[in-house]
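Each remark here refers to the structure printed beneath this line.
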Amino acid sequence: MPRSTEFRATSSHPVDAVYAAMIDKQILSDRLARMGGPGAGILEYTSDGENARYRVKHGIDAKDLPGVVKTVVGNDGIQIERDEAWTKVGDHYEGTVAVALPGLPAQASGVMRLSPTPEGSELVVTVDVAVKVPIIGGKIEETVGQQIVRLLEMETGYTLSRL
């Protein structure tokens, strides 16, 4: 059964400024270069301002993986492909995310919302992680969920630092 993980971040910046930074191709590229791991990069990118879609690749070296994940992937590390799509809906932005781990029995998908608040803006990301590995799948889902939150914290911090 998939495991759900939620991430929330607030900013004093207005929603349109945060969105513009989140989908800025140069900021996205710089962020991947800084924290995307081996082989990271932008695979596809389109944006017209109110709508954006991009597919990126992250790499995680085997030495940086939790032990329970290494039992499945071995010493090769993993490649992660993440597809995000955003659209403006009224005063906020809504998005979807799909995560593929080629060659592994795992996937993640979710929804995102960037909304205005009286103080600025709030980003909420809800992701469901599914790992189809007998016995230890649930533990891997939990570990992956924790890693997703950690990654989102770092990415959001980096993006907001560029505003």
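The values are calculated or read from the model by the stated rules, or taken from the named source; none is laboratory data. What you see is a predicted model; the values in this text were computed from it and never measured. Backbone-built Cβ (ideal geometry, glycine too); neighbour counts: all protein chains shown. The protein model used for the area step is the full one, side chains on, heavy atoms only, and it has no ligands, DNA or RNA in it. Shrake-Rupley method; radii C 1.70, N 1.55, O 1.52, S 1.80 Å.
Here are some conditions: (1) loosely packed, with under 14 Cβ neighbours inside 10 Å; (2) under 11 Å from the mean Cα position of the chain (by Cα); (3) among the aliphatic types (A, V, I, L, M). Val149 meets all but one. Which one does it not meet? All conditions are met except number (1). The residue of the stretch 59-79 that is least open to solvent (accessible area, probe 1.4 Å), among those that are in contact with a Lys or Arg (Cβ under 7 Å, 6 or more places away or on another chain) and without any contact (Cβ under 8 Å) to a residue 60 or more places away in the chain, is Ala62. Can you pull out every residue in the stretch 82-118 that is open to solvent by 20 Å² or more (accessible area, probe 1.4 Å), in contact with a helix residue (DSSP H, G or I) (Cβ under 9 Å, 6 or more places away or on another chain) and within 23 Å of Thr71 (Cα to Cα)? Across the stretch 82-118, the qualifying residues are Val99, Leu101, Gly103, Leu104, Pro105, Ala106. Residues that are open to solvent by 50 Å² or more (accessible area, probe 1.4 Å) and among the charged types (D, E, K, R) were ranked within the stretch 1-47; the one that is nearest to Glu142 (Cα to Cα) is Arg3.
So, in the stretch 5-41, how many residues would count as being part of a strand (DSSP E or B), out of contact with any Ser or Thr (no Cβ under 6 Å at 6 or more places or on another chain) and farther than 22 Å from Val129 by Cβ? Here the count works out to 2.
The one condition from (1) β-branched (Val, Ile, Thr); (2) in contact (Cβ under 8 Å) with a residue 12 or more places away in the chain; (3) more than 29 Å from Pro118 (Cα to Cα) that Thr46 does not meet is (2).
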